[in-house]
Amino acid sequence: MWSIGVLVLGAAVTVLAASTPFDANRLTHEQLNAVGALRNLIGSELKEEFMAEDYYLAGWLNKYNFNVEKTLVELQKDLKWRDEQKLSSILSEDWKDMKARFPFSLESSDKTGSPVLYVDYGKWDVAKYLTEEGDSAINRYKRYSSLMLTEQAKAHVRQLRSEGRDVTQFMLLYNLDGVTPATHNCAQCSQLFGSQMSEHLEHPSLDLMINRVMFVNMPASYIPMMTQNYKDFEIYGEDRNQWEAKLLEYVERDQFPENLLR
C-alpha cells in the first residue's frame with residue numbers, strides 16, 4: 001500500500017512522499033515521527049496497552065494518509081465509541097451459550113501468517129435463536145456477532161505478536177454453506193446480517209485490523225445485494241472451483257478450515 005501524508009507540528013509541515021511504502025512492522029523514520037506525534041497528542045486517552053503500540057497507531061495514521069490532525073479526530077471518536085460499547089471488557093463476558101450456537105474459529109493462518117477468523121455461518125440457526133429467546137436476545141446477538149468476534153480476533157493478533165510473530169491484521173472468512181430460508185431468511189435475520197456486515201465498514205478500529213473479508217458458498221439470492229452494498233468484500237457463490245482457486249491465493253490448503261476441505 002502506498003501512502004501520502006502531512007505531519008503537522010506547530011507551524012512545521014512534513015510531507016510523507018507518495019512512494020513511501022507502508023509496513024506497520026517496519027516504519028520509516030518519517031512514519032515513526034508521525035506515530036510519536038500522534039501518541040503525544042492522545043497518549044493519556046489510550047486506556048488499553050495495545051493502543052499505544054507503534055503498529056496500532058501507524059495503522060490509524062495509514063488509514064488517514066498520515067494526516068495527524070485528521071487521525072487524532074477519528075481516533076478520539078473511536079475511543080468514545082469503544083467506551084460506550086464497553087469493548088475493553090467484552091471478552092470477559094460469558095459467551096459460552098453463544099459460542100455453542102454460533103461457532104467460529106481462529107485456528108488457521110493465511111500466507112502472511114495473519115490469523116483467519118472463520119465464521120461457519122451456515123451452522124448459525126439465527127431464526128431458531130430468535131424464536132426461542134425472543135426480541136430481548138437481539139442486542140446480545142448483535143454484540144456477539146458484530147463485536148465480540150472481531151475483538152477475539154484482535155486479541156489473537158496481539159497474542160501472536162507477543163510470541164514474536166509480525167502480524168498486525170486478520171482475515172475474515174465466512175462460509176455460507178448450509179444457509180437456508182428456514183434458518184436465515186426471516187426479516188430480523190436479514191437485518192441482523194446487514195448490521196453484522198456494516199460494523200466492519202462503519203468503525204475504523206474494526207476495519208483497519210482486517211486485511212480482507214471473503215465469503216464462500218454464498219447462495220445466488222444473496223449475491224446481488226451483497227455485491228451492491230459491500231464492494232470491498234470478496235464474494236463467491238457455490239461454485240467450489242471458483243472460490244477454492246481464489247482462497248488458495250491467500251491460504252495454503254493445509255490451513256483451510258476443516259469443513260472447507262474436500
Considering only Q152, V167, Q196, whose Cα is most displaced toward the positive end of the charge dipole of the stretch 150-199, charges sitting on Cβ of Lys, Arg (+1) and Asp, Glu (-1)? V167
Any chance you could run the full-extension gain for S136 through E238? It's 0.36 nm times the residue separation minus the Cα-Cα distance, nm to one decimal. 33.3 nm
Can you pull the one-decimal nm distance between simple spin-label points at A220 and S88, each 7 Å off the Cα toward Cβ? 5.1 nm
Cross-link pairs beyond the 20 Å C-alpha cut-off, checked among K96/K123; K70/K154; K142/K246: K70/K154; K142/K246
Antiparallel %, DSSP beta bridges [both residues in the chain], to 5: 50 percent
For the stretch 60-87 and the stretch 98-129, compute the distance between their C-alpha centroids and round to whole Å. 27 Å
Residues in the stretch 172-191 that a label on K128 would reach, taking backbone N under 15 Å of a point 7 Å out along Cα→Cβ: 178-186
So for the chain, taking the charge dipole from beta-carbon charges (+1 Lys/Arg, -1 Asp/Glu), which of A220, A37, F22 sits furthest toward the positive end? A37
Highest first, please rank the peptides 50-56, 210-216 by the mean number of other Cβ atoms sitting within 10 Å of their residues. 210-216, 50-56
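With 30 Å as the cut-off, how large is the P(r) tail for the chain, expressed as percent of Cα-Cα pairs? List each step's numbers first, then the result.
Values: 11311 of 34191 pairs.
Everything past 30 Å amounts to 33 percent.
For the stretch 90-260, calculate the relative contact order in percent as a whole number, restricting contacts to Cα pairs under 8 Å that are 6 or more residues apart. Intermediate results must be reported in sequence, preceding the final value.
Details: 236 pairs, mean separation 41.7, N = 171.
Value for the stretch 90-260: 24 percent.
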Around K77, under 14 Å between beta carbons, what's the net of Lys plus Arg minus Asp minus Glu among the other residues? -4
Approximate spin-label separation K246-R161, in nm, with each point projected 7 Å along Cα-to-Cβ: 2.9 nm
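Using 0.36 nm times the number of residues separating E69 and D97, minus their current alpha carbon distance, what extension gain do you get?
Working: separation 28, 0.36 × 28 = 10.08 nm, distance 4.29 nm.
Computed gain between E69 and D97 is 5.8 nm.
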For the chain, the dipole about the Cα centre with charges only on Cβ (Lys and Arg +1, Asp and Glu -1), to the nearest 20 debye, works out at 160 debye
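Throughout, read-outs are computed from the coordinates displayed, never taken from laboratory work. None of these values were measured; they are calculated from a predicted model. Cβ sites come from the backbone with ideal geometry, for glycine too, and all protein chains shown count toward neighbours.
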